[in-house]
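Encoded as structure tokens, the structure appears first; notes follow it.
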Amino acid sequence: MSDLDSNQNRRSFLKYLLSTSLVGFLASVLYPIISYLNPPKQNEVEVSTVLAGKVSDFEKDSGKIIRFGNKPVLVIHTEKDEFKALSAVCTHLDCTVQYKKELGLIWCACHNGKYDLNGKNVSGPPPRPLDVFAVKRQGDNIFVSKKA
Amino acid sequence: MSVMKNIFKKAYDYLDERLHLEDLVHFMGKKYVPVHSHSVWYYFGGVSLFFFIVQVTTGILLLFYYKAGPDLAFESIQYIMSKVHFGWLIRSIHGWAANLFILAAVIHMFSVYFEKAYRKPRELTWVTGMLMLFLAMGFGFSGYLLPWNELAFFATKVGSDIAGAVPVIGEPLKILMRGGPDVTGATLSRLFGFHVALFPGIFTVVLGIHLILIQRQGISEPLEFEHLPQKEKKTMPFFPNFLLRDLLLWLVMLNLLAILAVFFPAELGHKADPFGSAPAGIKPEWYFLFMFQSLKYFPAHIFIFEGEVLGILMFGAAFALWLLVPFWDVKTARGEKNRFITYLGIFAIMFIIVLTILGWVL
């Protein structure tokens, strides 16, 4: 092998070594930064049943938002004295819905989405129905729980 | 008077001896601004710069009292608005200058577009300008949440949810923006960081490049003007003629800001309640309204795609085409007139105006 060839070989080897270590260096700098930006998963307390309140807390023909873990749930006391509970998160763009007395419907103020009292999307942009929760009346207490 | 002059001369000589200022003075003396029937548009870049300076100044002042955090943000702004001397003025100017900054930058962008000043050799000036416009929108979006009021809370929920609909990168982007799956105090901390540190840092670097390019290449001449013989080209020296006009306009803008801030001060509304229902009238800032409104006209499903996703992708493609116009408008690069570009620009302006009005009224 001539001197020139061995020089050439040495050069390409060094190039290879340097570029690999550069990639390694960048990866070792970027990996912790990207991981840092990704927020840690909060250990959500797995909530299955929540005490929504007393019957007297809910006026007839009105709705109230309660906390279900860290999600809002809409509890409706209907005109017919029934209790219904549905996820209050609009399936369109994440706004929080409300019970609209005049319409007898669930309404999202952001983009005028409407759901019936069973959570079915009846008009406006929502693509899916609201999740329904189970309601239990034990004496004077109203319990809301996830449907199995 | 002569004492002042003496001091000034001594200071100049001191610097000149060390830095050889005569090169710089010579360079500045050679700077000319073309004078023609469209010269008025040259002022909007400077006006945008002025509003940016106002934003940095009032932003730093607000930082002295603002506290980020879901339990503190709303209250600290209440404090700024009601207790801090001239706090209402500083915050109102910050709000108004933000809107006027975007307006001036958009006018500047369209004037450069219609003059086709982005053509070779100024492609990079255009690209840096567009990057600053996108950053300005980022400033607007991130700043909107900082008062932690009802309107901002739900607008941020909707805005980040729309970003989350983008295929593949949407979900990680949403988590990155929100600092978790929902809009919470973590979102406030993040957007605060973006608004006062990340974006200003990037913006300042890009602005520096933009200004250096303009100094290096001189001010763009319209196509017809370029072809005139040197004798027939009317120009105005930058120092002091153009600069003084610019400064006068800055003064007018400062007065406009003061008038707007006094007669239409910034509102605060109700504190955000993550467990409250969304109020009626949730709207994004006016410069997002045309996109927001057009997304409403997409049906829920188009073929196998979700309508909204398709809409977002179309806007993404349109912005990318706009950003890259100097590279695909080959006709103008050759020095020919390109009518298509002009019609496209007129269409874009009409589209933005009509949908903004629809979004406002509906």
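The values are calculated or read from the model by the stated rules, or taken from the named source; none is laboratory data. The model shown is predicted, which means the values in this text are computed figures rather than measured ones. Reconstructed Cβ throughout: ideal geometry from the backbone, glycine too, with neighbour counts over all protein chains shown. For accessibility, only protein heavy atoms count, side chains too; no ligands or nucleic acids. Shrake-Rupley method; radii C 1.70, N 1.55, O 1.52, S 1.80 Å.
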message: On a 32 Å Cα-Cα criterion, which of the cross-link pairs B:K5/B:K234; A:K100/A:K147; B:K9/B:K233; B:K83/B:K296 come out too long?
response: B:K5/B:K234; B:K9/B:K233; B:K83/B:K296
- line: Carbon/sulfur accessible area of chain B, % of total, 1.4 Å probe, equals 73
message: Which residue fluctuates most in the GNM of chain B (Cα springs below 10 Å): B:W88, B:W286, B:W250?
response: B:W286
field: Partner lysines for B:K174 [C-alpha distance under 17 Å; skip if fewer than 8 residues away on the same chain]
entry: A:K41, B:K157
field: Average Cα contact separation per residue, chain B, under 8 Å, 6 or more apart, as relative contact order %
entry: 25
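At 1.4 Å probe radius, can you tell me the per residue accessible area of chain B in Å²?
Numbers: 20260 Å² over 362 residues.
Value returned for chain B: 56 Å² of accessible area per residue.
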statement: B:L323 and B:I346 label points (each 7 Å along its Cα→Cβ direction) are spaced in nm at 2.9
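Counting only complete DSSP H runs, which helices of chain B cover 20 Å or more along their long axis at the Cα atoms and score a mean Kyte-Doolittle of -1.0 or above?
Numbers: long enough: B:2-19 (25 Å, -0.60); B:43-63 (30 Å, 1.90); B:87-114 (40 Å, 1.26); B:123-145 (34 Å, 1.29); B:150-164 (21 Å, 0.69); B:199-217 (27 Å, 1.35); B:243-263 (30 Å, 2.23); B:307-323 (24 Å, 1.84); B:339-361 (33 Å, 2.17).
Answer set is B:2-19, B:43-63, B:87-114, B:123-145, B:150-164, B:199-217, B:243-263, B:307-323, B:339-361.
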- request: Compute the label zone of B:F64 within region B:254-272: residues whose backbone N is under 11 Å from the point 7 Å along Cα-to-Cβ.
  value: none
query: Which residue, A:N121, A:N70, A:N38, tops the fluctuation ranking in a GNM of chain A built on C-alpha contacts under 10 Å?
result: A:N38
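Report the extension gain between B:L173 and B:L254 in nm, rounded to one decimal, defined as 0.36 nm multiplied by the number of residues separating them, less their alpha carbon distance.
Working: separation 81, 0.36 × 81 = 29.16 nm, distance 3.72 nm.
Length gained between B:L173 and B:L254: 25.4 nm.
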field: Alpha-carbon centroids, region A:28-62 and region B:191-251: separation in whole Å
entry: 49
Gained length - B:S82 relative to B:Q230, 0.36 nm times residue gap less alpha-carbon distance: 47.3 nm
- prompt: What's the angle, to the nearest 10 degrees (0 to 90), between helix A:3-37's Cα axis and the longest principal axis of chain A?
  reply: 20
